[in-house]
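Student: Can you read through this structure? Questions will come right after.
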Amino acid sequence: MGKENWAIETRTIQGGWEPKSGEPRVLPICQSTTYKYDTVEEVAQLFDLEAPGHMYSRISNPTCEAFENKMASLEGGVGALATSAGQTASTVAILNVASSGDHFIAVGALYGGTVSLFTNTFKKLGVEVTLVDADLSLDELKACFKENTKAVFGETIANPAMDVLDFDKFSTLAKDMKVPLIIDNTFGTPYLCQPLKLGADIVIHSATKYIDGHATSVGGIIVDGGTFDWTNGKFPEFTEPDESYHGVVYTKNFGNMAYIVKARVQWIRDLGSYMSPMNAFLSNLGLETLHVRMDRHCENALKLAEYLEAHPKVGWVNYPGLKSHKHFEMGKKYLKGYSGVLSFGVKDGAEAGETVMNSLELAAIVVHVADVRTCVLHPARMTHRQLTDEELINAGVTPDLIRVSVGLENIDDIISDFDQALAKI
Ligand SMILES: *Cc1c(COP(=O)(O)O)cnc(C)c1O
């Protein structure tokens, strides 16, 4: 059986870095900003994008490349681009298709940092977003489109609303309107969900979360499905000569890699927000155990959700893996598991919730999610505090919401910790 047919578990471990005889078994860290060439002509060809190869680690690097190739393989894409943060991945994924004067649509239940980026910073750049309610009908969603709408953006499992995206509806929307569907698959991970197979065109991740999985490295990644038709008339930047590269035409010179090549050689070249080799090494190292970790994250989260749901002091629990959840069936259709994040509120409200958080001993209060250690966060006062009340409601954040990222510790210890903390109120 060839490598192309390896199952995801095998590619998670062995994909990306393929050493030749005598080379290191483990992906090496190429901690070098630059690359040596024998002739001026070779470097000139690199600058003109006529030959593949590394020239400067602001644009590409062998360690990052191995990580990119593994992520492209896991998501089923044609190429990937590693970035300095998940925020950079979202930024570049959108700006690569929408310039000043353009508009795009995003599902309102989003990570708080993404809401700020889309509504505040993009506005300063002249790119306008409409945040939509995911429950709108296909026709209502189409009515939100304008002449200059260039993309649809959503999260597989929204952080922290835990809404599961209706892939059929949103991919039909994007296809009918001839714009790419860009999916933030951070909570999905390529092990639980592969959006490109569900009609998405581009996938992004905050690699900081489950990909790294150990809270060591901030990073992001963009994966190109390679299937979107950039020649449909809406995307002249892909089909007209790029003067900054001696008239390269991305769709002509790079075919189905047009999107990801353009993102790298325009945006990352100019912004310089590429992943560092050290972070690519660590992200790849974490990624090697993704499938094993995700099964346990999902199992532990379901057990904690069931425990909290049955607790008399708990007012509500939001975990799509619970049969009572509005998106349980949607999740069954699209996901292999519901991830390791859940939220809940205590009956006595936000202040009592804070007491519970402060009383936890095993679970720590940290601004993070999706790593091996159980942690909690209060979005309304932490990650989402820059949002307006209306944006908070759109993002699915109520004042009493406590977000729990369920780690890989023994589940009985995790439950005991919440049990003793809830006993304090
Ligand atoms: C954390 C997060 C981001 C931002 O990623 P950074 O790596 O922190 O820049 C984007 N989307 C989701 C869903 C996230 O959880």
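The values are calculated or read from the model by the stated rules, or taken from the named source; none is laboratory data. A quick note: this is a predicted structure, and the numbers were derived from the prediction, not measured. Neighbour counts are summed over all protein chains in view; Cβ atoms, including those assigned to glycine, are modelled from backbone coordinates with ideal geometry. We work out accessible area using only protein heavy atoms, side chains counted, and drop any ligands, DNA or RNA first. Shrake-Rupley method; radii C 1.70, N 1.55, O 1.52, S 1.80 Å.
Student: Hey, among the residues in the range 78-120 that are at pLDDT below 95 and assigned to a loop (DSSP other than H, G, I, E, B), which one's nearest to the ligand (Cβ to nearest atom)?
Tutor: 111
Student: In the range 215-242, which residues are assigned to a loop (DSSP other than H, G, I, E, B), farther than 26 Å from residue 334 by Cα and away from the ligand (no atom under 13 Å from the Cβ)?
Tutor: Answer for the range 215-242, where residues must be assigned to a loop (DSSP other than H, G, I, E, B), farther than 26 Å from residue 334 by Cα and away from the ligand (no atom under 13 Å from the Cβ): 230, 231, 232, 233, 234, 235, 240, 241.
Student: Where residues in the range 137-147 are aliphatic (A, V, I, L, M) and either open to solvent by 20 Å² or more (accessible area, probe 1.4 Å) or within 16 Å of the ligand (Cβ to nearest atom) (or both), which of them is nearest to the chain's Cα centre (by Cα)?
Tutor: Restricting to residues being aliphatic (A, V, I, L, M) and either open to solvent by 20 Å² or more (accessible area, probe 1.4 Å) or within 16 Å of the ligand (Cβ to nearest atom) (or both), the top hit is 138.
Student: Just need a number here: residues in the range 395-419 that are in contact (Cβ under 8 Å) with a residue 40 or more places away in the chain and assigned to a loop (DSSP other than H, G, I, E, B).
Tutor: Summing the residues that are in contact (Cβ under 8 Å) with a residue 40 or more places away in the chain and assigned to a loop (DSSP other than H, G, I, E, B) in the range 395-419 gives 11.
Student: Looking at the structure I just gave you, is residue 150 away from the ligand (no atom under 11 Å from the Cβ) and free of Cβ contacts under 8 Å to residues at least 12 places away in the same chain?
Tutor: no
Student: Looking for whichever is in contact (Cβ under 8 Å) with a residue 40 or more places away in the chain and either assigned to a strand (DSSP E or B) or open to solvent by 10 Å² or more (accessible area, probe 1.4 Å) (or both) here; the options are 210, 191. Which one fits?
Tutor: 191
Student: Being part of a loop (DSSP other than H, G, I, E, B), at pLDDT below 95 and among the aliphatic types (A, V, I, L, M) narrows it down to one residue among 387, 392, 362; which is it?
Tutor: 387
Student: Take the residues in the range 40-82 that are under 20 Å from residue 256 (Cα atoms) and either touching a His at 6+ places or on another chain (Cβ under 6 Å) or charged (D, E, K, R) (or both), then tell me which one is most open to solvent (accessible area, probe 1.4 Å).
Tutor: Top of the filtered list is 50.
Student: What pairs can you find where one residue is in the range 122-141 and of a type in the set (Asp, Glu), the other is part of a strand (DSSP E or B), and their Cβ atoms are less than 6 Å apart, with a gap of 6+ or different chains?
Tutor: Between residues of the range 122-141 that are of a type in the set (Asp, Glu) and residues that are part of a strand (DSSP E or B), the close pairs are 128/103.
Student: Please give the number of the condition residue 309 fails out of (1) in contact (Cβ under 8 Å) with a residue 60 or more places away in the chain; (2) away from the ligand (no atom under 16 Å from the Cβ); (3) open to solvent by 80 Å² or more (accessible area, probe 1.4 Å).
Tutor: Only one criterion is unmet by residue 309, namely (1).
Student: While we're here: Mind listing whichever residues of the range 182-200 are within 16 Å of the ligand (Cβ to nearest atom) and either over 28 Å from residue 402 (Cα atoms) or among the aliphatic types (A, V, I, L, M) (or both)?
Tutor: Across the range 182-200, the qualifying residues are 182, 183, 192, 200.
Student: Something else about it: For residue 126, indicate whether it is within 16 Å of the ligand (Cβ to nearest atom) and part of a loop (DSSP other than H, G, I, E, B).
Tutor: No; evaluated as a whole, the condition is false for this residue.
Student: For residue 32, state whether it is in a loop (DSSP other than H, G, I, E, B) and either open to solvent by less than 40 Å² (accessible area, probe 1.4 Å) or in contact (Cβ under 8 Å) with a residue 24 or more places away in the chain (or both).
Tutor: Yes.
Student: Hey, among the residues in the range 1-22 that are exposed (fewer than 10 other Cβ atoms within 10 Å of the Cβ) and modelled with pLDDT of 95 or more, which one's nearest to residue 260 (Cα to Cα)?
Tutor: Among those residues, the one meeting the criterion is 7.
Student: Residues of the range 364-397 being away from the ligand (no atom under 13 Å from the Cβ) and either more than 29 Å from residue 409 (Cα to Cα) or in contact with a Cys (Cβ under 6 Å, 6 or more places away or on another chain) (or both), which ones?
Tutor: Selection gives 364, 385, 386, 387, 388, 389, 390, 391, 392, 393, 394.
Student: Counting only residues that are in contact (Cβ under 8 Å) with a residue 60 or more places away in the chain and in a helix (DSSP H, G or I), which one in the range 334-357 is nearest to residue 170 (Cα to Cα)?
Tutor: 334
Student: Taking the range 111-136 as the search range and keeping residues that are among the aliphatic types (A, V, I, L, M) and closer than 14 Å to residue 90 by Cα, which one is surrounded by the most Cβ atoms within 10 Å (Cβ to Cβ)?
Tutor: Looking at the filtered set, the residue picked out is 115.
Student: Which residue, of 153, 170, is touching a helix residue (DSSP H, G or I) at 6+ places or on another chain (Cβ under 9 Å), surrounded by 24 or more Cβ atoms within 10 Å (Cβ to Cβ) and part of a helix (DSSP H, G or I)?
Tutor: 170
Student: Kindly indicate whether residue 245 is closer than 26 Å to residue 145 by Cβ, away from the ligand (no atom under 16 Å from the Cβ) and of a type in the set (Phe, Trp, Tyr).
Tutor: Against the criterion (closer than 26 Å to residue 145 by Cβ, away from the ligand (no atom under 16 Å from the Cβ) and of a type in the set (Phe, Trp, Tyr)), residue 245 does not qualify.
Student: Could you please find all residues in the range 282-333 being in a helix (DSSP H, G or I), of a type in the set (S, T, N, Q) and under 30 Å from residue 31 (Cα atoms)?
Tutor: 283, 284, listed by residue number.
Student: What about residue 54, is it in contact with a Pro (Cβ under 8 Å, 6 or more places away or on another chain) and either of a type outside the set (Ser, Thr, Tyr) or within 16 Å of the ligand (Cβ to nearest atom) (or both)?
Tutor: Here the answer is yes, as residue 54 does meet what is asked.
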